[in-house]
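Read through the structure below, which is laid out as structure tokens, and then see the notes.
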Amino acid sequence: MKKISIVIPMYNEEEVAKTTYTRIQKVLQELEPYDHEILFVDDGSQDKTLEILQEIAKENKKVKVIAFAKNFGHQAAVTAGLKNVTGDAIVIIDADLQDPPEVLPEMVSLWEQGNEVIYGKRKSRKGESIFKILTAKMFYNTLNALSDVEIPKDTGDFRLVDKKVVDVINSLPEHNKFLRGLFSWVGFKQKAYTYERQERLAGKTKYPLKKMCKLASDGIISFSTRPLKIVGGLGILTIMLSIAILIYSLVSYLFNLNHLEPGWTSIMVAITLFSGVQLLSIWIISEYIARIYDESRNRPEYIVNKKINIE
Ligand code: UDP
Ligand code: MG
């Protein structure tokens with residue numbers, strides 16, 4: 001019997017944990033003739049999330065739990081989930097059910113038709129702030145302009161993937177994984193599944209601006225080296241600009257065109273412009289160096305504190 005694994009990252013989701021479990025469980029039970037497992041990854045929640053999950057796992061042995069030692073972030077939680085699944089098809093879904101689990105049977109049938117990555121594509125985003133929608137749009141446009149792989153727009157981590165693809169992802173040694181990019185990068189037979197994104201079941205977003213920026217820079221840096229080329233371009237441009245200024249002042253001096261004092265303004269402009277460009281360049285380069293440092297230290301992406309119903 002084929003088995004479907006569900007991976008759910010959880011961070012301070014006490015308000016939704018029980019409902020999420022019930023709704024997913026119901027969908028899975030109606031999904032004949034497949035076996036299933038539900039793998040919750042508690043990403044160091046400070047509220048009652050883990051206790052609720054432990055209770056659920058006590059009653060239902062098909063529910064597995066991995067608890068982190070602290071908050072390591074959404075991508076790390078999903079990564080840990082993928083490492084511990086045993087199914088033939090793996091579904092990644094958020095705990096707040098903004099992505100409705102009721103569409104699962106359709107995704108499974110697309111998988112049975114031979115598709116290996118079925119990614120959820122949002123037709124609409126209900127109950128999300130204009131700010132979130134705009135920043136998300138900006139992010140995907142920038143990412144696609146800068147990166148070498150096409151990453152589908154309006155796509156989060158909600159997807160169904162074949163075991164084969166998960167094995168490939170698990171074998172990648174890199175840290176700071178930007179999963180939705182990697183799933184697109186690995187290739188295989190990809191298929192979009194369009195659906196309506198719902199409002200959060202309850203509770204607040206666990207993605208404040210700071211975490212969003214981290215995700216965005218991971219996405220851009222790990223999928224593109226073009227920002228480095230932009231630095232080069234900027235450098236050449238400013239050198240050309242300074243040569244032009246030099247020629248201009250030489251010409252004015254030789255032909256006595258105007259009697260500009262060796263001005264305060266031009267010096268200030270030059271200093272600020274060039275130090276600005278330098279700082280910008282250094283910042284971009286240091287982002288890459290920071291990633292290299294991070295990878296070379298080879299610290300684990302997450303630390304597991306406890307596993308329940310997992311050998
Ligand atoms: N999440 C997590 N660790 C974090 C932040 C979020 O595991 O540090 C989980 C969260 O519990 C949820 C999913 O990631 O299941 C997506 O988070 P959320 O719905 O808050 O993000 P949004 O939909 O607002 O982008
Ligand atoms: Mg959400």
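Remarks
- Test: residue 10 is free of Cβ contacts under 8 Å to residues at least 40 places away in the same chain and among the aliphatic types (A, V, I, L, M): no
- Of all residues in segment 36-69 being among the polar types (S, T, N, Q) and free of Cβ contacts under 8 Å to residues at least 60 places away in the same chain, the one that is farthest from residue 301 (Cα to Cα): 60
- Some residue of segment 55-62 being within 15 Å of ligand 1 (Cβ to nearest atom), open to solvent by 10 Å² or more (accessible area, probe 1.4 Å) and modelled with pLDDT under 95: no
- Of the criteria (1) within 23 Å of the chain's Cα centre (by Cα); (2) away from ligand 2 (no atom under 16 Å from the Cβ); (3) polar (S, T, N, Q), which one residue 54 fails: (1)
- Segment 177-221 - residue that is more than 24 Å from residue 102 (Cβ to Cβ) and of a type in the set (S, T, N, Q) and, of those, nearest to ligand 1 (Cβ to nearest atom): 217
- Criterion (at positive phi and either in contact with a Gly (Cβ under 6 Å, 6 or more places away or on another chain) or open to solvent by less than 60 Å² (accessible area, probe 1.4 Å) (or both)) met by exactly one of 143, 104, 172, 97: 97
- Counting only helices (runs of 4 or more DSSP H) wholly contained in segment 117-221, the ones carrying 2 or more residues that are within 14 Å of the chain's Cα centre (by Cα) and over 24 Å from residue 84 (Cα atoms) occupy 130-146.
- Any hit, segment 243-259, residues being under 33 Å from the mean Cα position of the chain (by Cα), hydrophobic (A, V, I, L, M, F, W, C), at pLDDT below 80 and open to solvent by 50 Å² or more (accessible area, probe 1.4 Å): no
- Any hit, segment 121-139, residues being over 25 Å from residue 205 (Cβ atoms) and either away from ligand 2 (no atom under 16 Å from the Cβ) or surrounded by fewer than 19 Cβ atoms within 10 Å (Cβ to Cβ) (or both): no
- Number of positions in segment 8-36 that are open to solvent by less than 30 Å² (accessible area, probe 1.4 Å), closer than 14 Å to residue 63 by Cβ and assigned to a strand (DSSP E or B): 3
The values are calculated or read from the model by the stated rules, or taken from the named source; none is laboratory data. What you see is a predicted model, and the numbers here were worked out from it, not measured in a lab. Methodologically, a virtual Cβ is constructed for each residue, glycine included, from the backbone with ideal geometry; neighbour enumeration extends over all protein chains shown. Heads up: the accessible areas ignore ligands, DNA and RNA and are worked out on the full protein's heavy atoms, side chains in. Shrake-Rupley method; radii C 1.70, N 1.55, O 1.52, S 1.80 Å.
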